[in-house]
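Okay, structure first, notes after.
Derivation of every value follows stated rules applied to the coordinates shown; laboratory data play no part. Keep in mind it's a predicted model, so treat the numbers as computed, not measured. Because the Cβ atoms are built from the backbone with ideal geometry, glycine has one as well, and the counts that use them run over all protein chains shown.
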Amino acid sequence: MAGTKPTYRLIILVILALAATSCYNYKNIGLLQERNPALPVYDPVDYADYKLRINDEVIFRLMSSDETISRLLLSDQYISNNQQVMAYRIFPDGTIDLPYIKRIPVEGLTVHEAARVVEKRFREVLPDASVIMALANKNFTVIGEAGSGVFPIYKDRLTIYQALSMSGELNYTGDHKRVKIIRESDAGTEILEFDIRPRSVINSKYYYIYPNDIIYIQKAKSSFWKINSYGSFVSIFTSSLSLILTAYYNVK
């Protein structure tokens with residue numbers, strides 16, 4: 001039995017080592033890290049306004065002092081005080097179809113640019129026409145280890161951190177190294193993959209969320225072996241130690 005004690009000591013040390021390496025720590029899941037040389041550094045980019053795409057839906061309000069012509073142009077949508085709210089989907093040819101006015105191409109324009117184009121067309125019949133436009137389908141989607149659902153973009157320049165806070169929480173089990181944003185662009189569907197932990201995410205191309213983005217957080221492959229808290233670590237260690245001691249005294 002002389003060699004039994006060293007054997008059990010070795011087993012205890014192995015359990016301690018495995019448990020310690022299985023715990024989540026700041027380097028694994030912490031955000032806004034600055035002093036971790038193992039993390040990538042992302043270059044800052046200028047923010048670009050969202051550009052309208054086919055199947056987007058825009059809403060706009062037409063304002064004019066000429067109540068008669070306003071009612072004629074938008075009779076079905078007339079509300080009050082010479083203000084009308086309209087919603088139009090962008091057709092496959094990139095245009096929107098306005099009543100009594102030829103189709104207007106708006107694909108590829110920002111919302112502000114599209115508003116000016118529509119306003120200019122309305123001023124052909126309403127010299128003092130004023131148009132305020134907004135995007136109707138301002139939503140993003142979250143799936144995976146950060147909750148799931150479709151959420152509204154409630155402000156301009158919504159960030160990845162704000163978006164994830166709306167969906168609930170970025171779980172410990174999520175793969176922080178491989179966050180994906182699925183985004184439609186002129187080149188087709190893009191998948192932007194990045195590590196969300198470094199501070200350089202701020203102002204990078206991954207920082208802002210655009211309409212129709214899908215944020216996907218996959219489950220980390222190592223999450224099966226990870227322990228969520230040191231309380232869990234203590235519980236596992238004491239249970240393992242109790243089992244070893246029981247076996248030891250039974251053998252003895």
In whole Å, how far is the Cα centre of segment 156-199 from that of segment 103-123? 31
Long-range amide H contacts for residue 213: which residues qualify at under 5 Å (H placed 1.01 Å from N, peptide plane, sequence gap of 5 or more or a different chain)? 141
How far apart, in nanometres, would the label points at residue 177 and residue 202 be if each is projected 7 angstrom from Cα along the Cα-to-Cβ direction? 2.5
What are the ³J(HN,Hα) couplings of segment 37-43, residue after residue, when phi is run through the Karplus curve with 6.51, -1.76, 1.60 and θ = phi - 60°? Round to Hz, x for glycine and proline. x, 7, 8, x, 10, 9, 6
So how far apart, in nm, are the two label points at residue 219 and residue 190 if each is 7 Å from Cα heading toward Cβ? 3.1
What is the gain in length, in nm to one decimal, between residue 36 and residue 112 on full extension, counting 0.36 nm per residue of separation less the C-alpha to C-alpha distance? 23.3 nm
Phi-based couplings in Hz for segment 155-172 (Karplus 6.51, -1.76, 1.60; Gly and Pro marked x): 8, 5, 6, 5, 8, 4, 5, 5, 4, 5, 5, 6, 7, x, 6, 7, 5, 4
Label-to-label distance, nm, for residues given as residue 59 and residue 128 (7 Å Cα→Cβ offset): 2.6
Looking only at aspartates and glutamates whose Cα falls under 19 Å of residue 219's and that sit 8 or more positions away or on another chain, we get 145, 169, 175, 193, 195
